[in-house]
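Colleague: Structure below; questions to follow.
The values are calculated or read from the model by the stated rules, or taken from the named source; none is laboratory data. Note that the coordinates shown come from a computational prediction; the quantities given were computed from them, not determined experimentally. No Cβ is skipped: glycine too gets one built from the backbone with ideal geometry, and neighbour counts run over all protein chains shown.
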Amino acid sequence: MFYINISLLLLSRSTLRILKKTTHSIGENIGDNMFRLRVREVIQEKKITQSKLSRVADVPLNTIQVLYHNPEHDAKLSTLYRLSKALGVKIEDLYEVIPDEEEKQ
């Protein structure tokens with residue numbers, strides 16, 4: 001729970017508004033929006049191996065592999081927080097908000 005609270009403080013106000021219905025994860029559908037993880041893209045940009053990221057972030061390699069191969073996975077905020085610190089990026093860089101159909105129109 002400690003990491004989650006810190007992570008929420010780092011999120012932008014608009015993201016917090018979207019996340020107000022959840023306190024523990026970012027994943028498939030939250031409210032009327034969908035989240036897509038960008039873990040693969042950030043790992044490739046930073047040119048770091050999944051194995052090294054696992055050691056630096058203190059996150060199991062299997063978890064990183066799941067996030068890498070499944071961008072719709074329901075990731076814990078505490079995991080995203082650890083990854084963001086290890087990669088030297090903001091937590092918001094590890095996911096994107098895909099607005100619902102009504103907002104697109």
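Colleague: Against the condition modelled with pLDDT of 90 or more, crowded, with 16+ Cβ neighbours inside 10 Å, outside any strand (DSSP E or B) and among the small types (G, A, S), how does S54 come out, does it pass?
Modeller: Yes.
Colleague: Let me ask something additional. So which residues in region 47-61 are in contact (Cβ under 8 Å) with a residue 12 or more places away in the chain and under 16 Å from the mean Cα position of the chain (by Cα)?
Modeller: Correct list: Q50, L53, A57, D58, V59.
Colleague: If a residue must be over 18 Å from M34 (Cβ atoms) and either touching a Phe, Trp or Tyr at 6+ places or on another chain (Cβ under 7 Å) or modelled with pLDDT under 95 (or both), how many such residues does region 83-96 contain?
Modeller: 0
Colleague: Could you check region 62-98 and list, in sequence order, the residues that are hydrophobic (A, V, I, L, M, F, W, C), touching a residue at least 60 places away in the same chain (Cβ under 8 Å) and in a strand (DSSP E or B)?
Modeller: V97, I98
Colleague: Mind checking whether some residue in region 57-73 is at pLDDT below 90 and surrounded by 12 or more Cβ atoms within 10 Å (Cβ to Cβ)?
Modeller: Checked against the condition, which is being at pLDDT below 90 and surrounded by 12 or more Cβ atoms within 10 Å (Cβ to Cβ), region 57-73 yields no hits at all.
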